[in-house]
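Below is one structure, written out as structure tokens; comments come after it.
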Amino acid sequence: MYHDLRFAIRQLAKSPGFTIVAIATLAIGIGANTAIFSAIDAVLMRPQPYPEPDRLVVVYERPPGRGRSGVSGSAFRDWRDHQTQFTAIAFYGVNRFDLTGLDQPEKIEGLMVSADFNRVLGVPPLLGRGFQPEDDKVGGQNDVVMLTERFWRARFAASPAALSKSAMA
């Protein structure tokens with residue numbers, strides 16, 4: 001094995017162009033595999049930061065001949081009121097909001113969720129109250145906002161006084 005190794009080093013030293021290409025190819029291949037594995041590990045293999053993540057499912061509509069589509073509020077209420085297979089069911093949708101009333105107006109991304117969202121995830125709020133069933137009522141006062149901990153720390157310096165603030169989104 002020692003002689004084979006010496007022979008390989010001599011051959012590589014004779015053709016530096018080939019050696020550089022071979023080393024670069026190996027480096028790119030190893031780097032790409034490491035990056036892909038890191039992404040797969042972060043997304044698929046690590047458990048989600050919720051209690052019992054294996055019990056969470058996403059349910060959606062798929063009209064004939066089309067892809068996934070959003071669920072209307074009335075369809076969601078129908079599912080919630082008549083389903084018997086789930087402990088709880090919640091609605092969520094990604095949306096962009098204009099946040100005003102603090103410093104400068106800014107666009108933020110957030111979720112529009114139904115009242116059972118935190119119960120489904122098993123994550124209670126750190127401060128204040130969670131969403132109540134009254135917050136879901138059509139025509140009701142549904143202007144309740146729950147901040148992520150990161151947003152609360154960044155915009156309100158983790159101050160409990162954020163509970164009494166009013167902003168328009």
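Any read-out appearing in this document is the output of simple, stated calculations on the displayed coordinates, not a laboratory observation. Predicted, not measured: the structure shown is a model, and the values here were computed from it. Glycine also receives a Cβ, built like all others from the backbone with ideal geometry; neighbour counts cover every protein chain displayed.
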Amide N proximity, the range 112-150 versus Glu106 label position 7 Å along Cα-to-Cβ, cut-off under 20 Å:
112, 145-150
Among His82, Phe131, Phe156, pick out the residue whose Cα is farthest towards the positive end of the charge dipole of the range 53-164, where Lys and Arg carry +1 and Asp and Glu carry -1 on C-beta, about the Cα centre.
His82
What's the angle, to the nearest 10 degrees (0 to 90), between helix 2-14's Cα axis and the longest principal axis of the chain?
90 degrees
Over what distance in Å are the Cα centres of the range 53-118 and the range 1-29 separated?
56 Å
